[in-house]
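I have placed the structure first, in the form of structure tokens, so that the comments after it can refer back to it.
None of the figures in this text is laboratory data; all of them are computed from the coordinates on show. Nothing here was measured: the structure is a model prediction, and the numbers come from that model. Here Cβ is always computed from backbone atoms with ideal geometry, including for glycine, and neighbour counts include all displayed protein chains.
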Amino acid sequence: MFGQQPQYGGYAQQGYGYQPQPQQPAQLSSLDSLLAGNSAKAFFDKYSQPGDTVTGVIEKIETTQVNDFQTKQPAYWNDGRPKEQIHIIIQTQLRDPSIEDDDGRRSLWVKGWGLQLKAFRDACKQSGVKVPKPGDTITERYVGLGQQGNAPQPPKVFEFHIEPANSVNTLVNGSQAPQQPMQPQNQPAYAAQQYPPQTAQQPPQPQGVQLQQPQVDVMKVNQLKAAGNPPQEIARLLGVSVEAVTAITDKMQPQNHGGSEQQPETGEF
């Protein structure tokens with residue numbers, strides 16, 4: 001005769017309205033993460049030009065979900081999987097006058113698919129690391145736009161170079177490697193001692209080798225500079241002149257870029 005009241009938890013509903021499900025507690029940041037800061041100004045943005053490069057020491061690296069460019073909501077693939085990206089915070093020597101108390105920290109955003117992820121994986125393989133970690137030095141360079149293909153927008157192409165933190169000694173000792181071949185060059189001097197006129201001609205040979213030292217590895221100079229080393233220290237570590245180092249570092253001028261996050265282009269693969 002009478003319709004049954006809907007049952008909730010074994011008891012009849014007493015006319016209280018809709019009971020919303022309790023929300024799960026939000027995931028809180030760790031104290032270290034909170035004190036270190038979870039955000040930094042993005043180095044690359046829509047105003048970036050081909051050739052723009054940044055080098056810095058990794059402070060934080062994590063995987064985050066991409067936000068849709070139009071709705072600003074978390075983005076998903078058609079099969080329901082979240083679109084992911086790699087977020088890297090690095091410490092650089094850059095200082096933007098337009099930013100108050102700029103500490104030089106910058107964000108790098110690497111899409112978790114397509115050309116950007118492939119370039120990042122290739123850099124990891126070349127450096128011999130499985131996953132970059134805080135303390136490693138990373139360099140990223142904007143190459144330009146790739147072929148558009150079926151995507152609504154052409155993809156942005158980047159190059160990466162990773163220097164593991166435990167290879168700093170290797171980087172420094174590597175500058176001494178050219179001195180080792182000098183030993184075989186000194187060996188003929190012992191045989192040449194039987195001929196006094198020739199012994200006086202042997203010392204200029206090491207000098208000729210030293211003249212080739214100013215051919216500095218630009219990438220190594222930028223990495224050591226990003227780690228906070230002055231030109232004099234860089235020159236000492238790499239075994240080159242201070243002038244050769246400053247000639248490279250003077251070309252690296254701080255670049256002012258706006259925006260706080262590098263957003264993905266919708267539909268890129």
### Query
Could you give the nm distance between label points at Cys124 and Arg81, where each point is 7 Å from its Cα heading toward the beta carbon?
1.5 nm
### Query
Using alpha-carbon pairs under 8 Å, 6+ residues apart, how would you state the relative contact order of segment 28-153 in percent?
32 percent
### Query
How long is the gain from Gln93 to Asn229 if the chain were fully straight, where each residue apart is worth 0.36 nm and the alpha carbon distance is subtracted?
47.9 nm
### Task
Report the full-extension gain for the segment Ala247 to Gln65: residue separation times 0.36 nm, less the Cα-Cα distance, to one decimal in nm.
61.4 nm
### Task
Could you sort out which of Lys41/Lys251; Lys111/Lys156; Lys46/Lys125; Lys83/Lys130; Lys41/Lys130; Lys220/Lys251 sit more than 18 Å apart by Cα distance in this structure?
Lys41/Lys251; Lys46/Lys125; Lys83/Lys130; Lys41/Lys130
### Summary
For segment 42-49, in residue order, the Karplus 3J(HN,Hα) values (coefficients 6.51, -1.76, 1.60; θ = phi - 60°; whole Hz; Gly and Pro = x) are 6, 6, 8, 8, 5, 8, 5, 10
#### Entry: ³J(HN,Hα) computed for each position of segment 219-225 - Karplus, 6.51 cos²θ - 1.76 cosθ + 1.60, integer Hz, glycine/proline x
4, 5, 4, 5, 5, 5, 5
### Query
Whole-Hz Karplus ³J(HN,Hα) for segment 90-104, in order, using 6.51 cos²θ - 1.76 cosθ + 1.60 and θ = phi - 60°, x for Gly and Pro?
10, 9, 10, 9, 6, 9, 9, x, 7, 10, 5, 6, 5, 9, x
